Amino acid sequence: MKAIYSIVGFQTSYLEVDEPLQHEPSSFTEKFRESLVAITSFTTFLRTLLLWIFIVSIGFMVLVTINALKVKITNVDLLGAYHESVPGWTFLVVLSSIFFALTCLMLYIMSIYLANIYQEIKHRPKYIIESVKRF
């Protein structure tokens, strides 16, 4: 996990110690969990990915809606193939594409919210002094 620090832009150095190495994660799940923590702790990759998924889903929603309405009206899709209109199909396609886009939007908004919470937590002091006794 330490190797990823240099990838994201942190300067690294080393200390020579006589102590043996600590336990390295051996299972795939432990390695995956540590790499996920390392990636999400130092970058906004996931938030950016969710934004692009939302933008693509909006474009997909528009294309699917146009295609469904064209098939409903003319029985020909955007590629020129003939399709017989099935009752209720247009409504289901448009509704499912709208809900997919809204779900992606909600995930993006939650990722921004969680990233802000994470940044707020990182800037807290290591210790909180509950009280001070004076003599």
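Look at (1) out of contact with any helix residue (DSSP H, G or I) (no Cβ under 6 Å at 6 or more places or on another chain); (2) at pLDDT 75 or above; (3) among the acidic types (Asp, Glu) and you find that GLU24 fails only one, number (2). Any residue that is modelled with pLDDT of 85 or more, farther than 27 Å from ASN116 by Cβ, of a type outside the set (A, V, I, L, M, F, W, C) and within 28 Å of the chain's Cα centre (by Cα) - is there at least one of those in the stretch 6-17? Scanning the stretch 6-17 turns up no residue that is modelled with pLDDT of 85 or more, farther than 27 Å from ASN116 by Cβ, of a type outside the set (A, V, I, L, M, F, W, C) and within 28 Å of the chain's Cα centre (by Cα).
Within the stretch 66-104, track down each residue that is of a type in the set (Phe, Trp, Tyr) and either surrounded by 11 or more Cβ atoms within 10 Å (Cβ to Cβ) or in a loop (DSSP other than H, G, I, E, B) (or both). Those that are of a type in the set (Phe, Trp, Tyr) and either surrounded by 11 or more Cβ atoms within 10 Å (Cβ to Cβ) or in a loop (DSSP other than H, G, I, E, B) (or both): TRP89, PHE91, PHE99, PHE100.
The values are calculated or read from the model by the stated rules, or taken from the named source; none is laboratory data. These numbers were taken from a predicted model, which means no experiment stands behind them. Reconstructed Cβ throughout: ideal geometry from the backbone, glycine too, with neighbour counts over all protein chains shown.
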